[in-house]
Structures are given as structure tokens and as C-alpha cells.
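Here is the structure we will look at, set down as C-alpha cells.
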Amino acid sequence: MQNVIRLALLHAFIFATMVGQARQPLSVERIFQKPSLAGVTVSSIQWSPDGSSIAYLRADASSSTKDLWLYTVAAGKGSLLVRAETVLAGEQKFSKEEQMVRERTRQTDAGITAYFWSPDSKEIFIPLNGDVYSLTVGTKKVKQVTTNPGAEFDPKISPVGNLLAYVRDNEIHVLDLKTGTETELTSGSTQKIKNGISEYIAQEEMDRTTGYWWAPDGKHIAYLQIDNTPVKEFNIPNYLTSYTDVDHQEYAKAGEANTIVKVGVVPAIGGPTAWLDLGSNTDIYIPRVDWLPDGKRVAVQIQSRNQDTLDLRIYDVEKGTSELLLRETDTMWVTLHMNLKFFADGKKFLWSSERDGFQHLYLYDMKGKLINQVTKGNWEVEKLIGLDEKTSAVYFTAMEKSSTERHLYSTKLNGSGFRRLSTDDGWHEISISPDCKYYVDSYSNLTRPPLVELEGLSGKTSAMIEENVVTELDNYSLPRPEFISVPSADGQQLNAFITKPSSFESSKKYPVIVYQYSGPTSNIVENKWGAGGGMARSLWHRLMAGKGYIVFGVDGRGTQARGRGFQNLIHKRLGKIELEDQLSGVKYLKSLPYVDPSRIMIWGKSYGGFMTCMAMFTTSDIFKLGIAVAPVADWKNYDTHYTERYLERPQENEEGYRLSSPVSFASGLKGKLLLIHGVVDDNVHFQESITLVEELQKANKQFDFMPYPRSTHAFSGDAVGTHLYNYLSRYIQDNL
């Protein structure tokens, strides 16, 4: 990547010109001010179906409002296609369904936040304020497509391009784009029963935010009907209204009844729904639905409630028959993925599995017979990116080089010709062209904000789409994190980072901020911009190092990207093996002559908040200070799919739940503890901290507590972020 080398030389030149000049300290206020220290933000990169252009959303560093841009491959340049204000003037609003998806996917952007291409690559459709607009690419002319008073949610164009589908009032509708005729395809929805919408648990835990899918020929739509009747409601009060308004959330807690999900197929022109036979057991999950290329068969993944079985079933819509194509089993849990790909010739499909201990790709025929394992090794395939059936080439991202980096790879279907295509150390997010000739690489590393570049898979093409040089970063005293390895108690090498103070002197003793997440679905030791919780948290850690603290973090056993043997140890007991590895990190820290062993603190958010509580309650006086943000206090209060994956149901593992929950050990608190929670958090409810508060008070344990009245789990907003991180800074300074 020649441009990255050029950028490195540019930064070296800037640094050289600053030698002898005093760098200024970074402030919390500056982290949350505009222009953003991340520079230009590029997201939602989508190739046009004909492969000639690349659309993307872009926000300037001085704004959080995203506009739609277009890069033309032949011309080799990108330009503004349309501004959000051109499409919609006035205040931007999101429907309740959109707000739910935005919260589940942690979206905080504004302006144009979604779009999709027409099949002929001539138009782009943009949903805004509950309506859908179309943009003609050649003329940049915008017109409003829907005008109904209700909000159109999750719109999708048919593969033929003649019909636009969307959900309104919990029913699926289609609009004939030529005649303007609208047809309601589904019926029978109530406040509890909804058609074409994904349920909470799928959005939060299964990475599925939609509830319907077009057939490739545009003749049918497969959809989910969700029935929340059995699910208990959790009440989330808004204390800032006069009489405390309450949001009623359908939230299935561990061991409780789940949403009942059905799968139906309906003709796109209207008609009766054909319901697929999912079996007599309704206590199941439907994580994925995919059409086969022929448009006549639907693939449905059915996961058992205890998640030890995942079935891939094929349903023939015309014949009304079904068959089990593949069954994945595991004695603990089967990990969901997005790596199912049916071949256009109808003879084979790709699938991924952890059956050999690592997530890898496998090739099957359409009878479900394994042809061969495509990838092998003690490393993880992350995502299937592309398949070139003509050349038998498979493209995917993986952690083969290091579990701290993501790279692009290719191999042949028979496993030969394996090679790494991305070269620069760091993190590569890839979007491949439909013909598998080019790919867009969004690249970053620990200290380099993302740039976006076009690369040829033949290695001959390289063009910069968004260079994104943020020279202001060079003005600040920001120590760079170093990657290291720390041995666990059983001798495994754990990935860790350490950031030393700007004016580090080995003869001095420094206090240490230990940051961790420790959970099974996220890592903090990664070579990418914003590693460990986003740009603000990452920069704040470097800010604190600049103030004289050592900042340290370790990804212990139970975290991802290192195989199932590394993860399985948390089964039926959370917080034990993870804490052992955090203590291994402390042991390493205490071996360093420049660490003050009496001034070590631990903090984290969500699972990291849970782990902070476990550390402060069960490890005597190892940590002088703990800060737990939005912690899970009692796993019986968290959602079914996530919790039961690791702990089974409370009815089956009562002791495991007790030993995994901080409320069981609150009387053991030593040292200073600060609890922080968003009052309207609909993921880890405010109830968790309130439950913990009561146990601490009953045990006569003193602690500090900071609620954020309008904050959800994301703690979004510049004002909240500024207050939160200033508060953390002062609290650490006063107590560590």
C-alpha cells in the first residue's frame, strides 16, 4: 500500500518539524469537540451492482451529519453525490423501530444514515424521516417515492427493480414503482404480533436487524412473524418527565419465555402466506434466513434454545417440502456466523464452523455432503467476503497473521493457493466488487485514523478514496500503546498492551490504570483506531498516560479470535477464569520496577463493569480503586440468548449463576468503588446497578454512584462524554 508509506513519511516530516517544540496535552473537551480527531468519517461502503462505482456515506471532521458520495472506478475520483439537507430539509426524526435498531447497532450518526442501490445501478434509494427518496445517479435528481403518513421502515428494492418493499404498522407492503400502487402483503399484526420486523434478541445478540428477505427473482418475500405475547415487559422510567413516563420493553431474561418466531413466504403481488414447518418445538431461535439462487428454495437456520445445535434446513416453496441440509453441534454452544454462500450453479455451498477448534470455511455439495475443508490452521476466519466461481477463488478476512489484526486473504476452493492480500500492519475492513476484481480497504491502526483505498485483486490498481490525514494529532502529547504478551497461570501467552507516560523514567514508580472488557464477544487488544471501546476511550487512555499513569490491558481466556479452546473455559461459570487472567496481568505489572503496586486500579464497561465488580469484591485489596460502568450485577437479569449461551438456564445451573454474579459477593468490597449507569439503558438495565447498590448498603460498604438520566448503554452525546470522562479523570486523580 504505497499511499500508506507516503503518509508515514508525511507524518515523519511533521514530527521532525516539531522537534524542540513543546507538545500540548490533550483535553477531554477537545476529544468531544469538532473537528473530530478521527478526521473524515466514511461508512456504509457499497459497490454498485454493475461494479462501476462505489457509494459511501461521508461526514466531514467538522460535522456528524453524513452525506452520500460516489467514487467512479474508471474516472478514479470521488465526489459529493447529494447532501442530506438536499434530500430532507428540517428536523431529522427516527421512528421507534429505527431508534431500536440504532441503539442495538450503536449508531449515533445523523443525516443520510442508510441507502441502497437499484439493481440497474442507475438509482440510489434513501430512507429519511419515515419516507423513501430516490436519487438518479446520472442527473443527481431527487424525488420522494413514498408519501404515506405512517413511517416506512426497513425499505428494500426487489432484485428485478420494479417493487419497493417496506414495513409500516407492523405489516409488509410493496409499492409498484411504475404505477404507484401499494399492496399490503401481510396481515394480523397486533401490539404483540408483528410481521417483517426483527425481535430484540436478534438485533442485540444475533446480528440480525431485518425481518424479511426478497427472493432473487423478485417473485416472493420470506419473512418472520414474531409473537411477543409470552415475553414479559420490562419498564424503563423516564424520571425527567413530570409524572415519570414509562417505556415498556419486551425483554426476555435468562430462563424466561422467549419471542415465538414463525417463517412465512408470501407472493410479491399479494396472496396467502405459506408457513414453513419449523417443527413442533417453538422454543427456538431463527438467526438467519437466506434464499437460494433459484428463487424457489429458502434456507433457514434453526438454533436450539440451549444453542448446542444449529440446523440448516432447505424449504422448497413450490413443492412445500423441506430437508435437513446440515446440522452443527457442540457440547457447549454453536457460534453463529454470516458465512453461508450458495453457488450460482446450484451444486455447492460454503459454510463456516468451529468444529476443529477454530472458525474455518468448509465446502459442501447440495446433499449436505462435505467436499473438503477450505481453510485450516490455528487462527480464525472472520468473514466470507467474496466468491469467484469462475476461478474457484474465495476471499475472506481473518486473524491468521495475528489475533490482534484483521487482514484480507484468498484461497482456492480446494485449499490451495492461500495468501494474504493486505500488507500493512493493522486493521482492514473490506468491501469487494461484484466481479471480484477490486476491493475497497478501510485501513487503520492504533494511532492512525481510517483511510479508504481502492485496490486491485491483481495487485496492479491502487487509488486513494479518502486519505484522511489528521495532522492535529501530532500537536498532542499522546504516548503510543505497545503490544506485549503476558503469561497466564497455566502458561498461555495473553495479548496485552501497555502505554507508558510521556515523560517515562524507569527509576520512578507509576500508578496503573488497568482497563479490561474480558467478555467473549469483544477484544480490547487490537491494532486498530479506537481499539478498546472507540476513539474517545482510546484517546482518553493516552491522555491519562500523558498525565503520568501507566495504562494497561489484557485479553484473557474467554475472549474471541483465539479458538474455542481459549473460550470454552467460561462455560457455566463467568468471571472466574477471566479474573485469574486479569490477576496474571497484575502479577506482570508488579514485576516491573517502575510500577507502584499499591496504586493499581481496574475499570471497564458492560462486561468489563461486571468484571470490575468481581475483582473489587473477590480479590482482597489487590486493586485500590475500581470503576464499573453499566455492569451486569446478576446474570438472571440479563437476556436469554447471550446469558444462556454461556451459563445455560438458571433452572439448570443455579450455582453457576450465583458464583457468576457480583451481587453474591458485594460484602467483600475493599478499596474505592465507583458505579456509573445510564438510567434508560435498555441493554444492561439500570436495575443492575440498583440491585448492587442495595447489596452494598446491606453490607455497610461505602461506594460512589453516578447516574446519567438520559443515557442508554452507549452513553452517546458530546455533553455526556465530556462530563463522563472529566469525572473519571478527576475521580482517578483524587483516589489513585
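The values are calculated or read from the model by the stated rules, or taken from the named source; none is laboratory data. Values in this document were obtained by computation on a predicted structure and should not be read as measured data. We place every Cβ from the backbone using ideal geometry, glycine too, and count neighbours over all the protein chains shown. The accessibility values were calculated without ligands, DNA or RNA, using every heavy atom of the protein model including side chains. Shrake-Rupley method; radii C 1.70, N 1.55, O 1.52, S 1.80 Å.
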Could you tell me whether region 662-679 includes any residue that is assigned to a loop (DSSP other than H, G, I, E, B) and open to solvent by less than 20 Å² (accessible area, probe 1.4 Å)?
yes
Mind listing just one residue for me: the one in region 151-185 that is over 28 Å from residue 56 (Cα atoms) and under 31 Å from the mean Cα position of the chain (by Cα) and, of those, surrounded by the most Cβ atoms within 10 Å (Cβ to Cβ)?
170
Result of the Cβ filter at 7 Å on region 299-318, keeping first residues that are in a strand (DSSP E or B) and aromatic (Phe, Trp, Tyr) and partners that are modelled with pLDDT of 95 or more and open to solvent by 10 Å² or more (accessible area, probe 1.4 Å), at least 6 apart or interchain, is 315/276; 315/297; 315/322
Could you list all residues from region 347-378 that are of a type in the set (Asp, Glu) and in contact (Cβ under 8 Å) with a residue 40 or more places away in the chain?
354
Going residue by residue through region 455-467, is there one that turns out to be closer than 30 Å to residue 546 by Cβ and open to solvent by 20 Å² or more (accessible area, probe 1.4 Å)?
yes
Would you confirm whether any residue within region 641-650 is out of contact with any strand residue (DSSP E or B) (no Cβ under 8 Å at 6 or more places or on another chain) and without any contact (Cβ under 8 Å) to a residue 60 or more places away in the chain?
no
Tell me, yes or no, whether region 71-80 has at least one residue that is aliphatic (A, V, I, L, M), open to solvent by 50 Å² or more (accessible area, probe 1.4 Å) and closer than 28 Å to residue 685 by Cβ.
no
Residue 464 is checked against (1) touching a residue at least 40 places away in the same chain (Cβ under 8 Å); (2) within 28 Å of residue 560 (Cα to Cα) and fails just one. What number does that condition carry?
(2)
Of all residues in region 136-172, count the ones that are at positive phi and assigned to a loop (DSSP other than H, G, I, E, B).
4
Kindly provide the set of residues from region 294-323 that are crowded, with 16+ Cβ neighbours inside 10 Å, out of contact with any strand residue (DSSP E or B) (no Cβ under 6 Å at 6 or more places or on another chain) and over 28 Å from residue 571 (Cα atoms), ordered by number.
295, 296
Expected single match for in a helix (DSSP H, G or I) and under 22 Å from residue 533 (Cβ atoms) among 644, 655, 695, 688 is 688
Any idea which of 421, 413, 384 is surrounded by fewer than 20 Cβ atoms within 10 Å (Cβ to Cβ), within 29 Å of residue 52 (Cα to Cα) and modelled with pLDDT of 95 or more?
421
Of the conditions (1) within 31 Å of the chain's Cα centre (by Cα); (2) open to solvent by 30 Å² or more (accessible area, probe 1.4 Å); (3) closer than 21 Å to residue 733 by Cα, residue 603 clears all except one; give me its number.
(2)
Report yes if residue 508 is touching a strand residue (DSSP E or B) at 6+ places or on another chain (Cβ under 7 Å), assigned to a loop (DSSP other than H, G, I, E, B) and not aliphatic (A, V, I, L, M), otherwise no.
no
